[in-house]
Structures are given as structure tokens and as C-alpha cells.
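The values are calculated or read from the model by the stated rules, or taken from the named source; none is laboratory data. The model shown is predicted, which means the values in this text are computed figures rather than measured ones. Cβ: placed from backbone, ideal geometry, glycine included. Neighbour counts: every protein chain shown. Surface areas here come from the heavy atoms of the whole protein model, side chains and all, with no ligands, DNA or RNA. Shrake-Rupley method; radii C 1.70, N 1.55, O 1.52, S 1.80 Å.
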Amino acid sequence: MSKIFYTSDLHLGNTNIITYEDRPYKTVAKMNADLIYKWNAKVGRNDEVYVLGDFSFKGVQETISFLEQLNGQIHLVHGNHDAFLDKQSFREYLKDYGEGEKAPWIVDEGWYKKINDNGREVVLCHFPIMYWDGMDDRGAYHLYGHIHSRLNMQHPHKDAFNVGIDVNNYMPATLDELLNKRWLQTPTKEEKR
């Protein structure tokens, strides 16, 4: 059975992110290779992965090279550093690829997306949303990125999760993994005192 994964803020090809986020890599080439390796070790060929922005800092051809190395059907939700998504050559690539045997292998989802993950409503956006559709009346979850590992900027709502790789062991995560992580981080009554 295929799974649905979520991730954001890979920043493939971005040397500065290594220092900015104190990532454990000496070079951007090593970072790129390790992130691709970890993705493929976890994500199967028939799985779906929603990338909530800031996938690549490179141009269209190098970004395509990254995408072609990854397992799964990839859904790209726009982030503030995804300039490649607006390039005509990338749009033509998606159109041409959409007619191939892997169609639809890569899907451009725009800036905001609502999906159903095994009966659970999920709202996806690169940026944290203070109040999202279905938050109170339907128990919808909100998954976001953008803020990396900055603890003071994590969304305070119990059903909002940062899916950025910097807070998820540099790998995509399922909704169940995010929910389990939430329960593990919930303080006990003794810890609250």
C-alpha cells in the first residue's frame, strides 16, 4: 500500500543553508546526496510526497536533475524560494513529462492545497497559517514549512506541524509520524508542574 509523505525546505543546491541551519554537512554536494539518499531510503516508488516549498535553489535543469533522482509522485507546493516553478522551461518539462509513462510524476500544486490523507483532512502551505479551513469544526490538520528549526516561530496549535527537514531528521514524514512526534513531546502532568 502506498504512503503519503510531507517535507519542505530541502534547499537543494544552497550552500548558505548549511551554516544558517547548522546542517551536518561540509559541502553542498554532500548535503544534496545525503538528502536524496534519505528520501529514497524512506519513500517508495509508488508513494506520494508533498513538498511544501523551498525545494531547490538552482535553475531549472539542475532542479530537474534532483527531481529525477527521487522516488515517489512529487507534489510541489510553492515556497518563497522556488523560482524554478515560474520558469517556462520547467512548465514545458512538466507538460512533456505529463504525457510519459510516469504521468503525473511531478505535479505543481500552487501555493495552497487541501488533501485527504486516509480520511483526515490536511491543509498544506509553505507558510504557517494562523487559522485554516476546517481547523475547529472538522479537526483538519495544517502542515507547513518556511520557519526551519526556529523554536520561537513554531505554530502553537496542536494540529499544526512543521514538516521541514531541519526538524524531521532530514527526511520526509507521514502524518502518523508527525502525530506520534506530537504525542511524544506532550508534557505529562508531572512535567507541567
Identify, please: which residue in the stretch 167-180 is within 16 Å of residue 3 (Cβ to Cβ), of a type outside the set (A, V, I, L, M, F, W, C) and open to solvent by 30 Å² or more (accessible area, probe 1.4 Å) and is, among those, modelled with the lowest pLDDT?
180
Tell me which residues, restricted to the stretch 157-166, are at pLDDT 95 or above and either among the β-branched types (Val, Ile, Thr) or surrounded by fewer than 19 Cβ atoms within 10 Å (Cβ to Cβ) (or both).
163, 165
What are the residues in the stretch 129-149 that are in a loop (DSSP other than H, G, I, E, B), farther than 30 Å from residue 18 by Cβ and either open to solvent by less than 40 Å² (accessible area, probe 1.4 Å) or of a type in the set (A, V, I, L, M, F, W, C) (or both), if any?
130, 132, 134, 135, 139, 140
Residue 30 vs (1) crowded, with 16+ Cβ neighbours inside 10 Å; (2) over 26 Å from residue 92 (Cα atoms); (3) without any contact (Cβ under 8 Å) to a residue 60 or more places away in the chain: all pass except (1)
Anything in the stretch 48-71 that is under 8 Å from the mean Cα position of the chain (by Cα) and farther than 21 Å from residue 18 by Cα? List them, or say none.
49, 50
Failed item, numbered, when residue 21 is tested on (1) over 13 Å from the mean Cα position of the chain (by Cα); (2) in contact (Cβ under 8 Å) with a residue 60 or more places away in the chain; (3) farther than 24 Å from residue 156 by Cα; (4) surrounded by 14 or more Cβ atoms within 10 Å (Cβ to Cβ)
(3)
